[in-house]
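Here is the structure we will look at, set down as structure tokens.
The values are calculated or read from the model by the stated rules, or taken from the named source; none is laboratory data. Everything quoted here is computed from the prediction, not taken from an experiment. What goes into the accessible areas is simple: the full protein's heavy atoms, side chains included, and nothing from ligands, DNA or RNA. Shrake-Rupley method; radii C 1.70, N 1.55, O 1.52, S 1.80 Å.
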Amino acid sequence: MKNKFIYLLSAGLLVGVSGCDKIKDFGNTNLSPNGITEPSIAGLMTRAQIDLVGYAATGTVPIMGAQYAQYISETQYSQTSLYSAPQLAHAGNYSGTLFDLQNIINLDQSKNMSAIAKIIKEYIFWTITDAWGDVPYSESLKGLDVINPAYDTQEQIYKGVLANLKEAVDQFDGTSPITGDILFNGNVAGWKRVANSVRMLAAIQLSKKYPGSSDYAATEFKAALNDPAGYITNNSQNFVMNYPAAGSNYKNPYFNMYNGRKDYGLSKTVTDLLASLGDVRGSAWGGSSEDAGSTGSSAVGVPYGLNREKLEVFTSTNPTWAKVLRGDLRKEGSPFVIVSAAEVALARAEAADRGWTSESLTSVYQQGIALSHEQWGVAAPSAAYLNGANVALTAAAGTGANIRNISVQRYLASFPDGHKGWNIWRKSGFPVLTPAPDATNSSKQIVQRFIYATGELTTNEASVKAAIARIPGGVDSQDAKVWWNQ
């Protein structure tokens, strides 16, 4: 990130020392009449929305989170599942999609466009801070004005995300144009529902830090729940990317996962969990073939956390091992859900169980489970399923005593989004996950956070060291818990 600014600064210095009048001496010789002198906010918006899917699907945070949460298993190159050091750079997020979104906001050509950009930007910051912890936030995206941004604490980032999502909802007007919006085609009501839904998902993540019904997290959750603009309540309102038909350059990310490769499979952790519950969602989540369009299902989950030699023995002796998603659900043009009604309903169930709200716990809980089944096109949950010992809620609302079963259903409803699944497991400890048998890290424990890249120490040393000093023990460790999990 800093290198980019250094290059810009260097170019400016070269112009300065060449003489103030030199550039205009050439007149219009080097000016293209067709050149663009100002960014197209429509183009920036479309590009950012395409990139946004990566933060919920197969981008770095969700795909690695999906392995730590044991949604998926590696079938060949098992470094991530064996907990090799996740020493990764976050700078590319800032110089790419976040920079484009900030440009839309800075240009301020349309209040509605700026509000949409703000919602997407805060969603991305939410995923970044959940992976690394403290990262640049309030001083980021300021170009040459701040080339060594401070690392905000995760508490500051979460509070900023929640405040800015609320601000975005209030910022929409009824007149300014919306262009380049391929997610909602300019539907302001849809964007407001997304913002309030993400507010609830982020607020419930803070329940360990702010457990009380009058504490900050509950207050923010209730504000989003009661916002007049509403939230996602049914699958027709889901925050979803609808990809073009076959032949487009833009394809469902899970189509790309098996487009010539077979590196990932549905984890045995998931297939075993589904089997223990009598859950039929596995018929949609596990495909017997890597071929897009195949309607064959497989419940043969890939064992989690084994070294390559063992995995190759397993896949060669089990040719119908479960691919991630059935083939007809990962075609080139298959839609991908970023935030679902089921996720929101089950977050509401957790809030009711904690006594944050007076909503009917059983009603919103069972609604969330039914919405997830509907989303995946499988049969509605039966009474036997809902009354099963590991599904039914037996304790009174407001006690927080139903968190295990609620968390398991939240984990399942978030599939295959590894960012959210990893979040739910880290915060609640459910479902109970067994670390990789062949783990290669010294602690042999599941990764809790990404480690800062060495390049950050080179380009922004003081800020990184200050962030590391705030980590428990003062060590930049993958075993250290992020702030909301401490």
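Counting only heavy atoms of the protein chains, get the accessible area per residue of the chain (1.4 Å probe) and round it to a whole Å² value.
With all protein chains present, the chain gives 40 Å² per residue.
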**Complete:** Of the accessible area of region 286-442, computed with a 1.4 Å probe and all protein chains kept, carbon and sulfur make up a percent value of 51
**Request:** Quick one: angle between helix 341-353 and the longest Cα principal axis of the chain, in degrees between 0 and 90, rounded to 10, please.
**Result:** 70
**Zero-based 5 Å bins, Cα pair distances in region 281-395, whole percents** = 2, 11, 15, 16, 15, 14, 12, 9, 5, 1, 0
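With all pairs of different alpha carbon atoms counted, what Kirkwood hydrodynamic radius in Å does the chain show? Before the final figure, lay out the partial values.
Details: mean 1/r = 0.0422 Å⁻¹.
Evaluated over the chain, this radius sits at 23.7 Å.
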**Nearby lysines by direct alpha-carbon distance to K323 (threshold 22 angstrom, same-chain neighbours under 8 apart not counted)** = K251, K262, K268, K310, K331, K420
**Request:** Could you name the aspartates and glutamates whose alpha carbon sits less than 14 Å from that of K159, not counting residues in the same chain fewer than 8 places away?
**Result:** E122, D130, D134, E167, D215, E220
